[in-house]
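Quick notes on the structure that follows.
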Amino acid sequence: MAEIKLDIADGIARVTLARPEVRNAFNAELIAQMYEIFTGITASDDVRAVVLSGEGPVFCGGADIGWMRASLDLPYDSNLADAERMSDMFRAIDNCPKPVVARIHGAALGGGAGLAAVCDVAITAEDAIFGFTEVKLGIIPAVISPFVLAKIGASHARALFLTGERFDAQRARAIGLVHEVVATDGLDAAVDRRLAEFRTAGPSAVAAAKLVVHRVLDNGYDDSRTITTRAIARQRVSPEGQEGLRAFLERRRASFAGD
C-alpha cells in the first residue's frame with residue numbers, strides 16, 4: 001500500500017502524504033517510501049521543484065500511535081535502527097538539490113513540524129497548529145532537532161522543545177519555522193507563486209545556492225571563504241551562468257526561465 005503519492009508533471013514533483021485516516025502519521029513504511037522518493041527526485045533531471053503536502057484534514061500529525069506502541073516492546077538496538085532510518089529520511093529531504101515547498105494545513109506536530117523545518121520554503125494556512133510535542137509523550141524531538149535548530153535557532157527551540165506546547169501559524173512565522181501565512185483558500189495560489197519564481201531561476205544555480213547554505217553553516221569563516229569563492233567562480237563559468245548573465249546584459253529572457 002502506498003503511504004505517499006508522487007506525481008511529476010511540468011517539472012514539479014508533488015509528494016503527498018496519503019494516510020489521512022491517521023493524520024498522515026509516520027510509520028516505518030511511510031519513512032521508507034519518503035526516503036526512496038526523495039532519493040529518486042535528487043537524481044531526476046525532470047524535476048525543477050517539489051511540493052510536499054498531506055491528504056485529509058491535516059498536513060502531518062507526527063508519529064503513528066500503532067508504530068509507537070510497537071516500539072515499547074523493541075530493544076534499544078531496534079529503536080536505534082528505527083531512529084536512524086527516520087534521520088536518513090529527513091536528510092534525504094534536506095540534501096535534495098531541488099527546492100522543496102511545504103504546503104501546510106490543519107496541523108504539523110512532532111515530526112510533522114520537523115517536515116516544515118526541513119523544507120526550503122514553508123507556506124501555511126492561517127488556522128494551522130504547530131508543536132514539538134514529543135515531551136508530552138515522555139520522548140524528545142531528537143531526530144528532527146538538527147533541521148529545527150537550523151531553522152528557528154536555539155532560543156525558540158529551548159522554549160518549544162521543553163514545553164511541548166502547541167502554537168499558531170503566526171508564531172510559527174515569527175520564529176522562522178514557516179515563511180508565509182495565508183488564508184486556507186489561498187494556499188494553493190501561494191504555493192503556485194513560489195513555484196513560478198523557481199521556474200525563472202537557473203536549475204543548477206538553485207541547487208548550488210542550496211548547497212552553499214549547507215556548507216557555510218557547517219564551516220567556519222576560513223573554510224567558508226574557500227567554499228563560497230569557488231562556488232561562485234564555478235557557476236559564473238558554467239553554461240547556465242554564462243547564459244543567465246548574457247541574457248541579463250542583452251535584456252532578454254534566459255533560456256532556462258520557464259513560461
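The values are calculated or read from the model by the stated rules, or taken from the named source; none is laboratory data. Note that this is a predicted model, so its numbers are computed, not measured. Ideal geometry is used to build each Cβ from the backbone, glycine not excepted, and the neighbour counts take in all protein chains shown. We work out accessible area using only protein heavy atoms, side chains counted, and drop any ligands, DNA or RNA first. Shrake-Rupley method; radii C 1.70, N 1.55, O 1.52, S 1.80 Å.
Points to keep in mind about this one:
- Of all accessible heavy-atom area on the range 1-72, the percent that carbon and sulfur account for (1.4 Å): 54
- Under a model in which nothing but the beta-carbon of Lys, Arg (+1) and Asp, Glu (-1) is charged, the chain shows a dipole of about 960 debye around its Cα centre.
- Carbon and sulfur %, accessible surface of the range 140-213 computed with the full protein complex present, 1.4 Å: 60
- Exposure here means at most 15 other Cβ atoms within 10 Å; with trypsin sites (Lys or Arg not before Pro) in a DSSP loop as sites, the longest stretch of the chain lacking them is 1-250.
- Dipole magnitude (debye, nearest 20) for the range 192-259, charges at Cβ of Lys, Arg, Asp, Glu: 180
- Compared with the rule-of-thumb size 2.2 N^0.38 Å for a compact globular protein, the range 1-58 has a Cα radius of gyration ratio of 1.12.
- Tail weight of P(r) past 33 Å, computed on alpha-carbon pairs of the chain, percent: 22
- In the range 1-48, the GluC sites (Glu not before Pro) that fall in loop regions by DSSP, at most 12 other Cβ within 10 Å: none
- Computed with a 1.4 Å probe over protein heavy atoms only, the accessible surface of the chain comes to 52 Å² per residue.
- Prolate/oblate/rounded label for the range 53-104 (Cα gyration tensor, a/c 1.5): oblate
- Length-normalised contact order of the chain in % [C-alpha pairs under 8 Å, at least 6 apart]: 15
- Dipole check for the range 78-185: with +1 at the C-beta of Lys and Arg, -1 at the C-beta of Asp and Glu, and the Cα centre as origin, the magnitude is about 200 Debye.
- Database remark: amide H of residue 132 closer than 5 angstrom to the amide H of 110 (H placed geometrically; neighbours at sequence offset of 5 or more, or on other chains; Pro and chain starts carry no H).
- Helices in the chain, meaning DSSP H runs of at least 4 residues, each add -39500 (n - 2.57). Divided by all residues, the mean residue ellipticity at 222 nm is -16000 deg cm²/dmol.
- Local charge for residue 5 was computed over the other residues whose Cβ lies under 15 Å away, with Lys and Arg +1 and Asp and Glu -1, and equals -3.
- FRET efficiency for residue 68 and residue 200, using Cβ-Cβ distance with R0 set to 25 Å, rounded to 0.05: 0.05
- Pairs of lysine residues in the chain - Cα separation under 22 Å, sequence separation of 8 or more or cross-chain: 4
- Cα point-scatterer Debye curve for the range 148-235, base-10 log of I(q)/I(0) at q = 0.16, 0.25 Å⁻¹: -0.91, -1.12
- Three-way shape call for the range 174-216 based on the alpha-carbon gyration tensor, with the a/c threshold at 1.5: oblate
- Compactness of the range 24-120 as Cα Rg over 2.2 N^0.38 Å, two decimals: 1.11
- Extended-chain gain in nm, criterion 0.36 nm per residue less alpha-carbon gap, residue 2 and residue 242: 82.1 nm
- Diffusion of the range 79-228 by Stokes-Einstein, at 20 °C in a medium of 1.002 mPa s and with Rh set to the Kirkwood radius over alpha-carbon pairs, works out to 131 µm²/s.
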